[in-house]
Amino acid sequence: MNKPAICGGTPVRETKIYYGHQYIDDADIQAVVDVLKSDHLTCGPKIGELEEKLCEITGAKYAVVCSNGTAALHIACMAAGVEAGDEVITTPITFAASANCALYMGATPVFADINDRTYNIDPASVVSHVTEKTKAVVAVDFTGQSIEEDELLSICRERNLVLIEDGAHVLGTKYKGKPNGSIADMTTLSFHPVKTVTSGEGGAVLTNSEEYYKKLLLYRAHGITRDTEQMEHKPEGPWYYEQIELGYNYRMTDIQAALLISQLNKLPAFSKRRKEIVAKYDEAFSHLPQIVIQEEIPESDTTRHLYILRLNPKELSIDRKEFFEALQAENIYCNVHYIPTYFFPYYERLGYRKGICPKAEKLYEEMISIPLYYGMTDRDVEDVIHAVEKIATYFATSK
Ligand SMILES: *Cc1c(COP(=O)(O)O)cnc(C)c1O
């Protein structure tokens, strides 16, 4: 049998490969250079151009781009009217920002459990956590698979809750043929380099509501308006503007916007390649009883941001940590998405304890994010598959 590198065998490859990597081409570089040679590095024409493009791609009526996905979640919570004392329901299998945005508002994050086949927030668990204090639901399209929009929307409509979709992974995905971004009350995006398209740092909030849109614009820029209709006093002259709310400087630069516009031109190609790689992984791993494949709801036509290798502990003599280290020895550098948010010391200090979301915690014990990005060659994909096959079969409990 082919010996894993961790047991002294030869690694499947000599060079390291990581779980994610951005793809930047000459058009992206030129787009940035053009802005640097222009008059506007920020507050210029690229912002509006980008917002229009995001609306075009997602079908949302309004887009507000901002400095990062966390800022997007923050201003979305502000626009939703989340206040101190409110509760916001979210999933623990996400980046910390999905819950931190509730804390920014003085509200309490409440963790609902996941569906252990799709790994997304379970609508039934959301219902069981609704109280008089619940104001909003922050639902994450984990790995890029759409949340159960119909179920979550009807839960939110019946109870007068705001559905905020943390779509940091979702760009390129459709739910029942409609692009995600035009469905929930607000959808936030992130353009961090590991996401499907990047602006270095960047984010956006998408909405069909004019009311939310106007608030988002204010909160992005200090609460300042130049719109005379919003002003409380008569303009004192052409220079006049007013601060009417407390907002932040969460603006994106034109440099970032130009990069993102150029990246978005490649979204169909990015999406196609990610789907191809996911299909290859699913096909290869479906033959391995040691691996559990993430299920997809039929409504979601998914552009996957992450590929979750879920281990079946019954079929393996090693645990997740050992599997992870064995992959590293093969020069496959993976990651784990995510440590359940309430495991962190900060959340412990707030009184959260392990045990509140058993399905999420079990998933965390068994998951590894393996490489998935546009620039992977077929050879890279094969190396990952070979490494997983080699380790899974070598450490199989039933041989
Ligand atoms: C990346 C990410 C964020 C935060 O986005 P930033 O742009 O890094 O601030 C929020 N939620 C999820 C699910 C993410 O993956």
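The values are calculated or read from the model by the stated rules, or taken from the named source; none is laboratory data. As the structure is a prediction and not an experimental result, all values here were calculated from the model. Counting neighbours? That spans all protein chains shown, and the Cβs are built from the backbone with ideal geometry, glycine included. Each accessible area value is taken on the protein alone, full model and side chains, heavy atoms only, with ligands, DNA and RNA left out. Shrake-Rupley method; radii C 1.70, N 1.55, O 1.52, S 1.80 Å.
Rounded to the nearest 10 degrees, what's the angle between the helix 149-159 long axis and the longest principal axis of the chain, both from Cα atoms, 0 to 90? Compared with the principal axis, the helix lies near 50 degrees.
The mean accessible area for residues of region 26-264, using a 1.4 Å probe and ignoring ligands and nucleic acids, is 40 Å² per residue. Straight-line cross-link reach from K37 at under 24 Å between alpha-carbon atoms covers these lysines, not counting any fewer than eight positions away in the same chain: K46, K53, K266. Among G351, G203, G85, the residue with the largest mean-square fluctuation in a Gaussian network model of the chain, with springs joining Cα atoms closer than 10 Å, is G351. Residues whose amide H falls under 5 Å from that of N335, counting only those 5 or more places apart or on a different chain, are S369, with hydrogens built in the peptide plane. Excluding Y346 itself, calculate the net charge of residues whose Cβ lies under 15 Å from the Cβ of Y346, where each Lys or Arg counts +1 and each Asp or Glu counts -1. Charge balance in the 15 Å sphere: +2. Shape annotation for the chain: C-alpha extents along the principal axes are 82, 53, 39 Å, from largest to smallest.
For the chain, modelled as a GNM whose springs connect Cα atoms under 10 angstrom apart, the maximal fluctuation among L264, L41, L372 occurs at L41.
Along its three principal directions, the equivalent ellipsoid of region 26-264 from the Cα gyration tensor extends over semi-axes of 30, 23, 14 Å, largest first.
When the accessible area of the chain is split by element with a 1.4 Å probe, what percent falls to carbon and sulfur?
Carbon-and-sulfur percentage of accessible area, whole number: 50.
In terms of solvent-accessible area of protein heavy atoms at a 1.4 angstrom probe, what is the ranking of I370, I297, I224, highest value first?
Greatest to least solvent exposure: I224, I297, I370.
For a straight C-alpha distance cut-off of 16 angstrom, the aspartates and glutamates reachable from K359 (same-chain residues fewer than eight places away being disregarded) are D113, D116, D122, E295. A Cβ-based charge dipole, computed about the Cα centre of region 26-264 with Lys and Arg at +1 and Asp and Glu at -1, lands at about 160 debye. 3J(HN,Hα) couplings calculated from phi for region 226-240 with the Karplus curve 6.51 cos²θ - 1.76 cosθ + 1.60 (θ = phi - 60°) are, in sequence order, 10, 8, 4, 5, 8, 6, 8, 10, 6, x, 8, x, x, 7, 6 Hz; Gly and Pro show x. For region 228-269, which GluC sites (Glu not before Pro) are both in a DSSP coil and crowded by at most 15 other Cβ atoms within 10 Å? Those satisfying the criteria are E232, E236, E245. A helix-only calculation puts the chain at -11000 deg cm²/dmol for mean residue ellipticity at 222 nm, using -39500 (n - 2.57) for each DSSP H run of at least four residues, averaged over all residues.
Pick from L260, L350, L306 the residue whose mean-square fluctuation is largest in a GNM of the chain, springs joining Cα atoms under 10 Å. Sorting by GNM fluctuation, first place goes to L350. Sparse packing (at most 13 other Cβ atoms within 10 Å of the Cβ) combined with a DSSP loop state is found for the following GluC sites (Glu not before Pro) in region 1-52: E14.
Are any of the pairs K16/K195; K16/K272; K3/K272; K176/K214; K135/K362; K176/K354 more than 32 Å apart by Cα-Cα distance, and if so, which?
Values: K16/K195 20 Å; K16/K272 24 Å; K3/K272 34 Å; K176/K214 29 Å; K135/K362 28 Å; K176/K354 36 Å.
Pairs exceeding 32 Å: K3/K272; K176/K354.
Please report the antiparallel percentage of DSSP beta bridges with both residues in region 26-264, rounded to the nearest 5.
Around 50 percent of the beta bridges assigned by DSSP in region 26-264 are antiparallel ones.
Relative contact order, whole percent, for the chain stands at 24, derived from Cα pairs under 8 Å and 6 or more residues apart.
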